[in-house]
Each structure stands twice: as structure tokens, then as C-alpha cells.
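Trainee: First, the structure itself, so that you have it in front of you.
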Amino acid sequence: MITSPVFQRLPRLMTLLLATALTAMPAGAADMNKVIRHVFPVAETGFDPQAISDLYSGTIVQAVFETLLTYDYLARPSKLVPLTAEALPQISDNGKTYVFHLKKGIFFTPDPAFKGQKRELTAADYIYSLKRLIDPKLRSPYAFLVENKIVGLDELAEAAKKSGKFDYDTKIAGLEAVDPYTLRIRLKDTDYNLSYVLAHEPTSAVAREVVATYADEGGRVMGNPVGTGPYKLAKWVRSSKIFLEANQDYRGSTWDFKPGADPEDQRIVKEMKGKKMPQVGRIEISIIEEDQARLLAFQSGELDLMNMEGPLAPNVLDGAQLKPEFVNKGVRLSRFVDPELSYHYWNLMDPVVGGLSKDKIALRRAFAMAYNVDEEIRVVRNGQAVEAQYPIPPGVVGHDPQYKSPVHYDPAGANALLDKFGYKKGFDGYRTLPDGKPLVVRYASRPDSLGRQQDELWKKAFDGIGVRMEVQKDKFPELLKLEKQCKLMMRTAAWIADYPDADNFMQLLYGKNIYQSNNGCARIPEYDRLYEQSIRMPASAERDKLYHQMTRIIESYAPWRLGISRYRNMLVQSRILGYKKHPILHAEWQYIDVASGY
């Protein structure tokens, strides 16, 4: 998921699964006087599960909507558990058939779209929602989750392209409601990641009546989210404030997670065990783009939770620990390397930097060699990141901690490569294209402090090899929009794990994912062939071998320059109980509490 993003998820209520589940309880446990104040560093784009792809909108989606599966709140590594399903799926036919049994008595939040009737969640809602992902009119950025996978679904999408209308009433063999509470999914080929996909918020259940009532001309419902989750949207001031309220009709649960090896787990269990959930009645999210403004708001007590980005580290951390003045106030730190990848991409469809000819490959490889990742970590991130050597980050199945990338900071080598392929310097010191036309790279970034620092680092890199750079400034939602249209020449993006498997990262360069998750708009035949082999394999040494080959292709063709994986430094006020940042889920509001007296 884009964290820009990847990457990327508000946790949801869990149901009984052995020792890790939540036990159903009467609704209405939330105290409307309890408030958690959170912050996003960039604006949201909207709240339609099948239409959004950024981390911040996805966080809200996970609070309002529900998927079939989710993750155990405390288990590390991440562990799948049922959410609206009664149990994990029954899998047969060599991993090509999945059967889910839904819990009965789950209802959507009351809404005028239901005309005064209580609306129960059924298998048909998941069928409808999965079909929405591939509806050509919707143009979902997550269509790749179901494309070329579910029997009959691609044919339905092709028919819609010809007729101009997607027929949601057409039954297909791949998506079957055996009865109102039983969903059967049939796949064309074995897919070992389908369970992970069905825990990812784009597969959340939406009600067809809601879409019919509120959809815009593109079929999207960005401002009227109606789900079955623990919270509902109470008020939205676009790009400024988001207010959630507990869904008083929510089925409720009892907090009953088991501690892992982390010593903090014991404290969390002591604070939370046996409580009816959710406890917190209101969530207030502020959008504050400037780093220093976010920190000042936290220090003044206006925020309860915030992710401390690298530029703020000297103000708060002494090494990897909180400074005494924060510890003395009871502030806690939840810290780990995010399962994410930050990378710098070039648009392979762009006439200047794109293409697979030798001169274009040499150009991008020179760009990659000109950039100093160590300087970014030291100057911009203040040490709050690790260099990405491999496209699969730590904490994700398939990560290779021993792999060392041959791509490194080498401006002399970059200059020699450009000289060799005819990118000559003029009298002004800047290079031209081999045909003599000006060589200008347009770098797109956000208009905040991080964006300005990234501008400076890339300007320094390009100046070092005699390449003129222009800066394109746009707000985060607009950059995402242009990115999905392949209209940006170059940008620094990030992807946080939608699910903890390597496939979620290697698909970022798959040619069929252009206009969705393939931000570099790359179509490299050798890469695509290997990727299609890898998705039919379980996690294994054989699959890892393919990933190594794919990584070498990335290094050779240079659609990207690998960047970093950032530390997530979640600052938590003393009044917040039970908080532990989850590596896959986006936020933890429904699992935590606020101490009495606040």
C-alpha cells in the first residue's frame, strides 16, 4: 500500500480463533466521552475501499469496513485470524478453492440507503465488493488483487469494456454464494496469498444499496462510507479533520489476546484483558503536514498518537530511546523497522527517461548511481531508516538480510556512463540527449519539509552528473492521481506491506499492474515472465531464487533506485492504554483504551 504511502490499515475486531480471538459481546461498550486524537502527515483521498490506495485513507477504511480476515493484534510475526468469517477458510483443490462461512447477525451501520431496514452482511456483499475491484468504470488501483485469478471474473470485466456497463447480476463460477452465509471462491490457478488478500481493506464488504445511493459518475463512494466496522464517519473536513464515532450498533467483543515474547505485551495484557471493546467513543484525526507543527501539537497534549518522522528524531530521541523529558511525562515509544520500501522511480513510458534501449537504461542507471542513500539516512532521516538492499523489506516473508545490492553511490561511474552513451555536456555544464535536445528531469514531490529536503538531495545528485532538474509540486492526493495515469516523470514513492509476503512488493513492477500499483509504468518482459512463475509457488527456496533473478533485472534496467525502509517511531501519551503498533494493521483504535480521569 502506498505510504506515500505501502504502504498501505486500521485494525478490526477479531473473532474466536483458538487462543488469539475476541469473544462476541453485547454492543455499545464504547464510552463517547473517551477521545483519541491522532494525526496524518498528508491528506486523505476518500473512503471507498475499492477506490483508494493510500495509507491514510486506508486507515479510516479499516475502522469503518470489515474484511473476512484480519490479524492478531499482539502476535509477531503477523498472524491471520477471522474477522467476519467464523474461521479461517477451508482450502481444497490444491489451493484453488476457498470456502468461508460468515458469522450471522453482522449488520451494516444504519443509513438512509437501507430505507429504514436493518441490513445484514451476507456472502453476496463480498461477491459484489470483489467484482467492484475489476469494474472498468471504477478503475480500482487494486484491480490486480483479483485480475487473472478468479474463474469467470476477467471475462465479466471484458464484457463490461465492450458494453460500457458491468453486469453485477451475472453469476460466475469463481464467486458463489452457496447460501447467505457461505462464500465459495474458485481460482484459475493455485494462489497461496489469497487469504492475505482477503485480510486487506480493498476486499472489505460494501453494500450495493449504498453505492447506488451515493456513487459519483465514476461509481466511487468516497464521502459516504457505510460499513459493518466498529466506527462510523461522523464529520469530514477535507484535508483538515476527520471525526469518527463508535458504531453503537456494532456487535462488540472482549479483549483477550495472548502475550508474545515482547516484555511490553505483559503490560498491555494487564491493562486490557477482559474489557469490552471498543472502549473509545470518538477518534479525531488532524491533517498536519509540517513536521514541527505535529511535534508541538503532541508536546502540548493536543495529540495522543503520532508517528515521528526522521526529521524530528533529534528533538525526541537519544539513540533509539526517548529523551528523559519525554520519559518523565510518561510518553512511550513503539519502534520497529516498518515492513515498507521507499524507492525512487522513473516513468518507463516517458519519452525522456523511459524505454528499454541501451541509452535509456544507461541514463537511469547513471541517475541511480548519482544518488547518495547514506546522505538521505543521515541528513533527512536523522538515522531513522535503514538502506534497502533488496526490494523485499524486513518483516516480510522472502526478505533476504544477506543480499547486497551492486547499485551504490558512484558519481564518477555515473558520469563515465553518460559520456559513453552520448549524453554530452554543453557550455553551461549541463548535458543534452544523444540527439542534442536538452536533457531535463522533472522531479515530483510534496510541498512540505520532507518534499523540500528530497528536492535538495536529488538536485545535488543531478548537479553532480550535469543533469538539469525541475521540480513539480503537488499535494499528495494529486500526485497519486497523476501517478496512476503515468503522468509523472520521476517521484520518490513508498509502499508499506498490505500483507506480509514478498509478492506484495514484487508485484510493484509487474507490467499488468500499470495504472494501479506499478508507479514506474514499467513493462519488462523478462521480469513479467518470472513474476508469473513466482505467484504460483508457496514461500520456498525455489521462489526465493526467482526473486533474486527479478532483483537482478531491476538492477540492470533501473526502473527504480532502491531507497530505504524507515523506522516507525510511534509516540504514545501516558493516558493511552494497550497500545502496540502493528506491522500490517494501520491503526489500533479499536484495541486500545483511554485511562480514566482524562
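The values are calculated or read from the model by the stated rules, or taken from the named source; none is laboratory data. All of these numbers come straight from a predicted model, not from anything done at the bench. No Cβ is skipped: glycine too gets one built from the backbone with ideal geometry, and neighbour counts run over all protein chains shown.
Trainee: Among the numbered criteria (1) farther than 20 Å from residue 211 by Cβ; (2) charged (D, E, K, R); (3) in contact with a helix residue (DSSP H, G or I) (Cβ under 7 Å, 6 or more places away or on another chain), which single criterion is violated by residue 111?
Mentor: Looking at each condition in turn, residue 111 falls short on (1).
Trainee: How many residues are touching a helix residue (DSSP H, G or I) at 6+ places or on another chain (Cβ under 7 Å), aliphatic (A, V, I, L, M) and either over 13 Å from residue 348 (Cα atoms) or at pLDDT below 95 (or both) if we restrict to the range 514-541?
Mentor: Here the count works out to 3.
Trainee: Now, a different point. Based on what the data block shows, is residue 476 of a type in the set (Phe, Trp, Tyr) and buried (at least 17 other Cβ atoms within 10 Å of the Cβ)?
Mentor: Considered against the rule, which asks whether it is of a type in the set (Phe, Trp, Tyr) and buried (at least 17 other Cβ atoms within 10 Å of the Cβ), residue 476 comes out as yes.
Trainee: Let me ask something else. From the list 329, 360, 404, pick out the single residue that is over 28 Å from the mean Cα position of the chain (by Cα), of a type in the set (D, E, K, R) and in a loop (DSSP other than H, G, I, E, B).
Mentor: 329
Trainee: Out of 146, 211, I need the residue that is of a type in the set (A, V, I, L, M), within 30 Å of residue 539 (Cα to Cα) and under 28 Å from the mean Cα position of the chain (by Cα). Which one?
Mentor: Answer to the selection: 146.
Trainee: Separate question: From the list 585, 562, 571, exactly one residue is part of a strand (DSSP E or B), among the hydrophobic types (A, V, I, L, M, F, W, C), modelled with pLDDT of 95 or more and closer than 29 Å to residue 81 by Cβ. Which is it?
Mentor: The unique qualifying residue is 571.
Trainee: Do any strands (runs of 3 or more DSSP E) lying entirely in the range 152-243 carry at least 3 residues that are within 27 Å of residue 481 (Cβ to Cβ), and which ones are they?
Mentor: Of the strands (runs of 3 or more DSSP E) lying wholly inside the range 152-243, those with at least 3 residues that are within 27 Å of residue 481 (Cβ to Cβ) span 231-237.
Here's the yes/no breakdown for (1) surrounded by 21 or more Cβ atoms within 10 Å (Cβ to Cβ); (2) within 30 Å of residue 192 (Cα to Cα):
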residue	(1), (2)
325	no, no
334	no, no
340	yes, yes
352	no, no
378	no, no
388	yes, yes
391	yes, yes
398	yes, yes
401	no, yes
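Trainee: Mind listing whichever residues of the range 294-337 are β-branched (Val, Ile, Thr) and out of contact with any helix residue (DSSP H, G or I) (no Cβ under 7 Å at 6 or more places or on another chain)?
Mentor: Matches in the range 294-337: 327, 331, 337.
Trainee: Restricting to the range 265-291, count the residues that are surrounded by fewer than 16 Cβ atoms within 10 Å (Cβ to Cβ) and at pLDDT below 95.
Mentor: Adding up the residues that qualify gives 1.
Trainee: On to the next question. Since residue 570 meets every condition but one in (1) surrounded by fewer than 23 Cβ atoms within 10 Å (Cβ to Cβ); (2) more than 30 Å from residue 318 (Cα to Cα); (3) under 21 Å from the mean Cα position of the chain (by Cα), which condition does it not meet?
Mentor: (2)
Trainee: Considering 164, 223, 152, 229, which residue is crowded, with 17+ Cβ neighbours inside 10 Å and either more than 25 Å from residue 80 (Cβ to Cβ) or not polar (S, T, N, Q) (or both)?
Mentor: On inspection, the qualifying residue turns out to be 229.
Trainee: Ok, one more. What about residue 367, is it under 25 Å from residue 443 (Cα atoms), at pLDDT 95 or above and of a type in the set (Phe, Trp, Tyr)?
Mentor: It is true that residue 367 is under 25 Å from residue 443 (Cα atoms), at pLDDT 95 or above and of a type in the set (Phe, Trp, Tyr).
Trainee: Could you tell me whether the range 450-467 includes any residue that is of a type outside the set (Ser, Thr, Tyr), outside any helix (DSSP H, G or I) and in contact with a Gly (Cβ under 7 Å, 6 or more places away or on another chain)?
Mentor: Yes, the range 450-467 has at least one match.
Trainee: I'd like to know if the range 61-71 contains one or more residues that are of a type outside the set (Asp, Glu), buried (at least 23 other Cβ atoms within 10 Å of the Cβ), modelled with pLDDT under 95 and within 23 Å of residue 280 (Cα to Cα).
Mentor: The answer is no, given that none of the residues of the range 61-71 is of a type outside the set (Asp, Glu), buried (at least 23 other Cβ atoms within 10 Å of the Cβ), modelled with pLDDT under 95 and within 23 Å of residue 280 (Cα to Cα).
Trainee: Do any residues in the range 468-481 that are within 22 Å of residue 495 (Cβ to Cβ) have Cβ atoms under 8 Å from those of residues that are in a strand (DSSP E or B) and among the basic types (Lys, Arg), where the two are at least six apart or on different chains, and which pairs are they?
Mentor: Correct list of pairs: 472/442; 479/491.
Trainee: Suppose we filter 456, 387, 470, 376 for residues that are at pLDDT 95 or above, of a type in the set (Asp, Glu) and closer than 30 Å to residue 538 by Cβ; which single one remains?
Mentor: 387 is the lone residue from the list that is at pLDDT 95 or above, of a type in the set (Asp, Glu) and closer than 30 Å to residue 538 by Cβ.
Trainee: I'd like the residue in the range 77-89 that is in a loop (DSSP other than H, G, I, E, B) and within 19 Å of the chain's Cα centre (by Cα) and, out of all such residues, is nearest to residue 260 (Cα to Cα).
Mentor: The selected residue is 77.
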